[in-house]
Every structure is written in structure tokens, then in C-alpha cells.
Amino acid sequence: MEDHVAPTDGRRLLDLDHVVLADGRIYRVLGNLDSRTHFFGYNVYSPEAGGDRSYQGRRYRKNFIEDERLPADVLDTYGLIPIADIVEHHQPVPSALATARHFRPKIWTDLYDELVEAAGAESVGIFGSSMFGLHLAADGTVRKDVDFVVEGLGHVDALRQALPRIRERLGFTTVTPGRQLQQYARYQKVFRNDKNSIMPIIERRWTGLQLADDVVTTIRLREPSYRTALELVTRQPDRRDIVIEGEVIAADGSNLFPRIFTLDTSAGRLDVYILWWKFSTPVRAGDRVTLRGSIVRLRRADAVRLTDFSQHWLHIKT
């Protein structure tokens, strides 16, 4: 299939693409890195003889690095990987077009159809395990859920309007308080500064759809026009942290990865980048927030980046 070809033809790697490396490891691409030689990614599946999933005759296990190893910094879980190491390249929209009609149970195909009605077939994709059949149980049914992505921030308003109707038609709900408390217990272990507004951020996951107590899917968004500067994803030995306070004046980018928003402070406007995958849509326009992050020097202006799980934090004033 065309979307399995390694990107040696000049194609860009975009957020939520997935790739297979020569050694068999499967990576999720994070952000739209501004690089011709490397991508920024997370090793989501690794070959393992005793793994509980199978792809192309090889056993795999799913990695939960943040939750199991509790690293000091999110950069300890991600990596800059040479594009030359890629042997397969999977893209969300082509993957959905090829597989969505075969989802069992059919509710996942129905959800795909609803999203297509809201955003168009050229803008709805799948990502993660469903790209590789790793989401299937032994009988060929979806073992838990299917992860969907909508491409283009221009679809945010349409998606906001469509999701209540989609939940009602298909039998999904918003994420229940009980499920939110389960997520809070997990997130507290990872984000180890008590100044973080973890529960309000979980409550703001507006693209969440819950089907059962243990089945929740979150619609993700990506925007191809955004670029992730290399400086944002590399370590800085001379890191300098600051605490700043201000009002969020541009929040649409917080739907993306990295989470991006602009803060209006007493010293002027400042762009903030959060590299924490779990902080989905953390802020809204008009929020008053205080945060601690590190200064990153970009080409146009300095920005602030949140990566450290114990030293950095985001507090939303309520």
C-alpha cells in the first residue's frame, strides 16, 4: 500500500503518523518537526517474544514509559530518530480509508462515518494500534477502541458542534466523573508537582467519547501547516526556568502536539509549548494561568517550554 512506503521521496512526517524502523520498533511521530533528516517520536510498540500482540508474524508489546518508569523529564521518553532508519510509513487518512469499513464491532465504523460527515473523508484518519491490526483481539474484534484524528484546526468548530450529536446517536457519553478520577490517580504519579491543575485539565478533554467503563477514545487534532522547531525538542544544558502569569489569548493550538498557546503577560506576549501528551486541550482563551517552564530561544522570539515532570507546572486560576 502507498502509505506503507518509507518516506525517501521527500514526504514530510507529520504528527500522529506512525513508522516502523529497520529493527522492528514502531514509533508514533510527535509534532511536525522542521527537519529533513530526523523525526521526533515515541516508541509505542516494541518486538518481544512474549508480547500479547502480533504484526507481520512478530510478537509485540505496548510501551508505557511515562507510567511505568516515571522519568524526570518527558524528553526521557521521546527521541530524535533518523528518517533513514524507517522501513514503513503509515499515515492516518490513507489508513482509515483502507480499514474503517472492516471495523468490528460496527460502532467504530459508524463513528468514522460521523466524523467524515463533520470534517470530510480527506480530513479523518486513524492512528495507533489500528494502523497495524494491533488493536484486535484473537477473534478479529476491536479489543478496546479505535483512535481517530481530524486534520486541520479549521474543523474545530464543526467538531465541537458535531460531538454531542454523535454521542447521542451512537451511545457514547462524555467522560464520566468516575473515569476522570481514574485518570487523575494515574496522572498524579507522572506529573509530580502539586501546583498542576490536573483535574481541571482532565475535565476539559472535550473530544472524549466514553462507550463503557473501560472504553474511552479521544479524538485528536493535527495541523500540517504548523512546524515544530528543533530547539523545542532538544535538551538544553544551560536550562533556565521562569514562573510567569498571564491571560491565554490564543488557545486553538492547545489541541495540537506540542500543546501551543499564547500568554498575555505584564511583560508582553509569550508563546508556551507543553510537551506533555496527556495534557489534552489544557487551556481556553481567557484563562488566567500561572506556570513554570524553561526559556527556549527560537528564531523569532523566546518561548517557554514545559517538560520536567516535577519542576514544571501549569496552574489554571478558577
Task: FRET efficiency for residue 4 and residue 102, using Cβ-Cβ distance with R0 set to 22 Å, rounded to 0.05 - done: 0.85
- [ ] For the chain, set up a Gaussian network in which alpha carbons nearer than 10 Å are linked by springs, and say which option among 267, 121, 285 fluctuates the most.
- [x] 267
TODO: Taking all pairs of distinct Cα atoms, average 1/r, flip it, and tell me the Kirkwood hydrodynamic radius of the chain in Å to one decimal place.
DONE: 20.3 Å
- [ ] Would you mind telling me which residue in 125, 50, 133 has the biggest mean-square fluctuation in a Gaussian network model of the chain, where springs connect alpha carbons within a distance under 10 angstrom?
- [x] 50
Task: Diffusion coefficient, µm² s⁻¹, Stokes-Einstein with Kirkwood Rh over alpha-carbon pairs of segment 164-318 at 37 °C and 0.692 mPa s - done: 199 µm²/s
Open item on the list: Need the list of lysines near residue 106 for cross-linking: C-alpha distance under 21 angstrom, and skip anything on the same chain fewer than eight residues off.
Closed with: 144
TODO: Please identify which residues in segment 137-152 have an amide N closer than 19 Å to a label point set 7 Å out from the Cα of residue 48, following the Cα→Cβ vector.
DONE: 137-138, 143-144
Open item on the list: Quick check: at a probe of 1.4 Å, how many percent of the accessible area of the chain sits on carbon and sulfur atoms?
Closed with: 48 percent
Task: Where labels lie 7 Å past Cα in the beta-carbon direction, separation of residue 192 and residue 252 in nm - done: 3.8 nm
TODO: Might you tell me the accessible area per residue for segment 213-277, computed with a 1.4 Å probe and given in Å²?
DONE: 46 Å²
Open item on the list: Can you order the peptides 32-42, 93-103, 253-263 by their average number of other Cβ atoms within 10 Å per residue, highest first?
Closed with: 253-263, 32-42, 93-103
TODO: Mind checking the per residue accessible area of segment 18-90 for me, 1.4 Å probe, whole number of Å²?
DONE: 45 Å²
Open item on the list: For residue 195, give me every one of the lysines with a C-alpha distance below 17 angstrom, ignoring sequence neighbours fewer than eight places off in its own chain.
Closed with: 278, 317
Open item on the list: Please compute the contact order of the chain in relative form: average sequence separation of alpha-carbon pairs under 8 Å and at least six residues apart, divided by the residue count, as a percent.
Closed with: 15 percent
Open item on the list: What does the charge count around residue 59 come to, taking other residues whose C-beta lies under 11 Å from its C-beta (Lys +1, Arg +1, Asp -1, Glu -1)?
Closed with: +1
Task: Dipole magnitude of segment 93-222 about its Cα centre (Cβ charges: Lys, Arg +1; Asp, Glu -1), debye to nearest 20 - done: 460 debye
- [ ] Using per-residue counts of other Cβ atoms within 10 Å, averaged over each peptide, order 304-310, 161-167 from highest down.
- [x] 304-310, 161-167
Task: 222 nm mean residue ellipticity, helices alone, for the chain (DSSP H n ≥ 4; -39,500 (n - 2.57); rounded to 500) - done: -5500 deg cm²/dmol
Task: Karplus-derived 3J(HN,Hα), 6.51/-1.76/1.60, for each residue of segment 23-36, Hz, glycine and proline x - done: 8, x, 5, 10, 10, 8, 6, 10, x, 10, 4, 7, 8, 8
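The values are calculated or read from the model by the stated rules, or taken from the named source; none is laboratory data. Quantities reported herein were computed from a predicted structural model and do not represent experimental measurements. Cβ: placed from backbone, ideal geometry, glycine included. Neighbour counts: every protein chain shown. These accessible areas exclude ligands, DNA and RNA; they are computed on the full protein's heavy atoms, side chains included. Shrake-Rupley method; radii C 1.70, N 1.55, O 1.52, S 1.80 Å.
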